[in-house]
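See below for the structure under consideration.
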Amino acid sequence: MIAGLKALLTVQNIALMFLVSAIGLSIGALPGLSAGIAVALMIPFTFSMKPVTGLAVLAAVYMSAVYGGCFSAILINTPGTPGSIATCYDGHPMAKQGKGIKAIIAATMGSTFGGLVGCLALLFIAPSLARITLKFGPPEYFWVAIFGLTIMASLGEGNILKTLLSGIIGLLISCIGMTTMGGALRFGFGTYKMQGGINITVAMIGLFCVPEVMAMLGSGGSLYEITDNSAIGSIRSYFKETCREIWQEKSVVLLSSAIGVITGILPGAGATIANLIAYNESKKVSPHGKEFGTGVVGGILAPETANNATVGAGMIPTLTLGVPGTPVAAIIYGAMMMHGLQPGLQLFEKSGDIVYSMIFAFIVGTIIMMIIGITIGTELYKAVVRVPQKYLVTAVMLLAITGAYSVRNSTMDIMIMALMGLLGYLCRKVNLSSGAVVLGLVLGSICENAFVRSVLISKKTSVFQVFFMRPISLVLILISVFSFGFPIYKSMKAKKAEKEAENHE
Amino acid sequence: MNNDRKKRNADIYAAAIVLLLLVIFGVQMKNIKAPNDVYFPSFLLSVLAVGFVLLLIKIWKAPDIRVIFSEIKLSYVGIGILVSAIWIFLIPKLGFFTTSFLAMTFISLMVDPEFSLSGEKKGQIILKTALVNLAVIIIVAVMFRIFLDVPTPKGLFY
């Protein structure tokens, strides 16, 4: 372990990590470009580097790119990566109130803490967590997806019917394209171009960014409610206050880190689900849970802590079992093999020093990410709020179109983005939930694939036994029932209290 | 008084959207043959249909009355949608950057309050707006095409 740390801490490695962290952050901040693209872009540069340096570069860029998604979420209400969807709910309202610097500081500190927790889990308890991964089969994945879907009840407190309908719409949209089990084209609308289905990133850009652009067009004024530039503030003015509020929300940070680690180790789940589950569950433990969605620090901490915790945790099945947990982990897996490492059960025995260097690179990369994020991020916010509305609108539209195209190099994606944008705009107007649509879209394929696989497994036993008699499934069912029922119970209780108060008057 | 006039039952519009999606996806269902591929979307459509009925009941029992289109400049939204549709349609025909430059300049001038008011300075404003949008396009082009090696749609022009 110590040898690995020594090999990492050279001037060259640290300088390179600073450079690639800035690049990763910039790429992650752009809608349409994910952490996967950032890491994939760095791979060719690492061929000529020593293994320690090459893997350190990839670790740093991965961590920063996941974190970078919060910038566009906060500034233009468009998650830069799927792991920052829930950051929009409180990050953007806070930015519109002129407290964007506070939002960025909260997101940075949350990402730093979550990133460190994920890395420590990778360092100390990787083998134990890997054993848990092996126990998750298709029925467990199905119930994880159902648990994720129960978040809708919490997203739509006071408006549960429409929120559930929005989620069902998202699930239906996820059915578009080729089925992974049968290979047939569903809902192709007469064109082969729909074979690839609706990409989540494209849908996100449409559902979140386009309505915001329309709001900017129709506002007749500024997106940001800032009339006086001196009110924007600085790092100094907000840092202490934000850190104090983060301390008040320590339960949110701890819970979200745990959620990030647990979802991160599950192959196929990852940051996309982690940030949404963390946001939902944090509402219950945060002292300001009722204010989530209006621009509170806890609402930013939860998703950002969780999504960065998945980075280190996602490497656990990759390193210990040789099973990449996320697409980015698969890219890093390939890079490791190019540098002569064989991920799997004997990795730590055969190449322990290099592996520990990489793990420490994630930790050091997290700290570098924090430094760069706070300095660049705050300047970025100050720059964006000063841009005249007429240029901001068109720049965001250009980025949205470019981002949508860059996902699969398809003009069809631009049209899908526009249609999803129209849907998102209409949803906003009639109080349907874009967040629930995205949730359905994200979880739909996981849910259906796990369901079909489980039904196939059940042919040897029984459907009831497969779905309801496995211990981990039972735990997930109980958590799902609680997660769904609790907001409904709270809503009914609040309505009853309101009626009683009215009767007293 | 203006706000009272603009308030509508949002549930009616929501029900219309749900009905439209039910019809669109329902019609497409007949193209799906394999049983395994049918179960999940059928289940979802059934749940959506039940939700639609519940929404109809809600329209009557507990309507969601709200101002739906609260934008100050709703016409700009409509024009923006139209221009964006033309922009997206023309991208593969004329080229990404050419079409984007024209669309962005038009939209910027549309929302610029100074442009609608000024008389003599209109030429200056058009030039300045065009140059700024050109600079933004060049930055995006450099970022995506050269630095990130991510292609942009090609057409007749650049």
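The values are calculated or read from the model by the stated rules, or taken from the named source; none is laboratory data. Note that this is a predicted model, so its numbers are computed, not measured. Cβ: placed from backbone, ideal geometry, glycine included. Neighbour counts: every protein chain shown. All accessible areas refer to the heavy atoms of the entire protein, side chains included, with ligands and DNA or RNA removed. Shrake-Rupley method; radii C 1.70, N 1.55, O 1.52, S 1.80 Å.
Numbers at a glance
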read-out	value
Residue check for B:Tyr13: open to solvent by 80 Å² or more (accessible area, probe 1.4 Å) and facing another protein chain (nearest Cβ under 8 Å)	yes
Identity of the residue in region A:376-388, touching a residue at least 12 places away in the same chain (Cβ under 8 Å) and of a type in the set (Val, Ile, Thr), that ends up least open to solvent (accessible area, probe 1.4 Å)	A:Thr378
Those residues of region B:23-32 which are open to solvent by 30 Å² or more (accessible area, probe 1.4 Å) and either more than 9 Å from chain A (Cβ to nearest Cβ) or part of a loop (DSSP other than H, G, I, E, B) (or both), in sequence order	B:Val23, B:Gly26, B:Val27, B:Lys30
Those residues of region B:33-44 which are at the interface with chain A (Cβ under 7 Å from one of its Cβ atoms), part of a helix (DSSP H, G or I) and open to solvent by 20 Å² or more (accessible area, probe 1.4 Å), in sequence order	B:Asn36, B:Phe40
Total residues in region A:458-467, condition surrounded by 10 or more Cβ atoms within 10 Å (Cβ to Cβ) and out of contact with any helix residue (DSSP H, G or I) (no Cβ under 7 Å at 6 or more places or on another chain)	3
Residue among A:Ile132, A:Ile151, A:Ile169, A:Ile146 that is closer than 30 Å to B:Ala62 by Cα, β-branched (Val, Ile, Thr) and open to solvent by 30 Å² or more (accessible area, probe 1.4 Å)	A:Ile146
Count - residues of region A:254-282 that are surrounded by fewer than 24 Cβ atoms within 10 Å (Cβ to Cβ) and either within 16 Å of A:Ser111 (Cβ to Cβ) or of a type in the set (Lys, Arg) (or both)	3
Qualifying positions in region B:53-94 - in contact (Cβ under 8 Å) with a residue 40 or more places away in the chain and among the hydroxyl-bearing types (Ser, Thr, Tyr)	B:Ser70
Pairs where the first residue, in region B:138-154, is within 20 Å of A:Ala40 (Cα to Cα) and the second is in a loop (DSSP other than H, G, I, E, B), C-beta under 6 Å, 6+ apart	B:Phe144/B:Val150; B:Pro151/A:Asn409
Residue list for region A:343-400, filter: within 30 Å of A:Cys243 (Cα to Cα), within 14 Å of chain B (Cβ to nearest Cβ) and of a type in the set (Val, Ile, Thr)	A:Val384, A:Val387
Selection from region B:1-52 of residues that are in contact (Cβ under 8 Å) with a residue 40 or more places away in the chain, out of contact with any Pro (no Cβ under 7 Å at 6 or more places or on another chain) and of a type in the set (Asp, Glu)	none
A:Thr326, sole failed condition from (1) under 19 Å from A:Leu255 (Cα atoms); (2) polar (S, T, N, Q); (3) out of contact with any Asp or Glu (no Cβ under 9 Å at 6 or more places or on another chain)	(1)
Residue check, A:Ala436 aliphatic (A, V, I, L, M), open to solvent by less than 80 Å² (accessible area, probe 1.4 Å) and within 30 Å of B:Ile86 (Cα to Cα)	yes
Enumeration of residues in region A:395-431 that are under 15 Å from A:Val210 (Cβ atoms), touching a residue at least 60 places away in the same chain (Cβ under 8 Å) and either of a type in the set (Val, Ile, Thr) or not in a helix (DSSP H, G or I) (or both)	A:Val396, A:Thr402, A:Ile416
Near pairs, Cβ below 7 angstrom, 6+ apart or cross-chain, from region A:191-208 (of a type in the set (Ser, Thr, Tyr)) to any residue that is surrounded by 18 or more Cβ atoms within 10 Å (Cβ to Cβ)	A:Thr201/A:Gly32; A:Thr201/A:Ser34; A:Thr201/A:Pro82; A:Thr201/A:Val407
Failed condition for A:Tyr391, given (1) open to solvent by less than 20 Å² (accessible area, probe 1.4 Å); (2) farther than 30 Å from B:Ala15 by Cα	(1)
Unmet criterion (only one of (1) of a type outside the set (Gly, Ala, Ser); (2) open to solvent by less than 20 Å² (accessible area, probe 1.4 Å); (3) under 18 Å from A:Thr310 (Cβ atoms)) for A:Ile37	(2)
Residue check, A:Gly114 touching a residue at least 60 places away in the same chain (Cβ under 8 Å), of a type outside the set (A, V, I, L, M, F, W, C) and crowded, with 24+ Cβ neighbours inside 10 Å	yes
Helices (runs of 4 or more DSSP H) contained entirely in region A:1-94, each with at least 3 residues that are more than 28 Å from A:Ile198 (Cβ to Cβ) and among the aliphatic types (A, V, I, L, M)	A:2-8, A:11-29, A:51-76
Complete set of residues in region A:408-432 that are more than 9 Å from chain B (Cβ to nearest Cβ) and surrounded by 23 or more Cβ atoms within 10 Å (Cβ to Cβ)	A:Asp413, A:Ile416, A:Met420, A:Gly424
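Results for (1) surrounded by fewer than 22 Cβ atoms within 10 Å (Cβ to Cβ); (2) touching an Asp or Glu at 6+ places or on another chain (Cβ under 9 Å), shown as yes or no for each residue.
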residue	(1), (2)
A:Ala3	yes, yes
A:Met17	no, no
A:Leu30	no, no
A:Leu41	yes, yes
A:Phe45	yes, no
A:Lys50	yes, no
A:Ala56	no, no
A:Ala59	no, no
A:Tyr62	no, no
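Residues checked against (1) open to solvent by less than 10 Å² (accessible area, probe 1.4 Å); (2) away from every other protein chain (no Cβ under 13 Å):
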{"site": "A:Met178", "(1), (2)": "no, no"}
{"site": "A:Phe187", "(1), (2)": "yes, no"}
{"site": "A:Gly190", "(1), (2)": "no, no"}
{"site": "A:Ile200", "(1), (2)": "no, yes"}
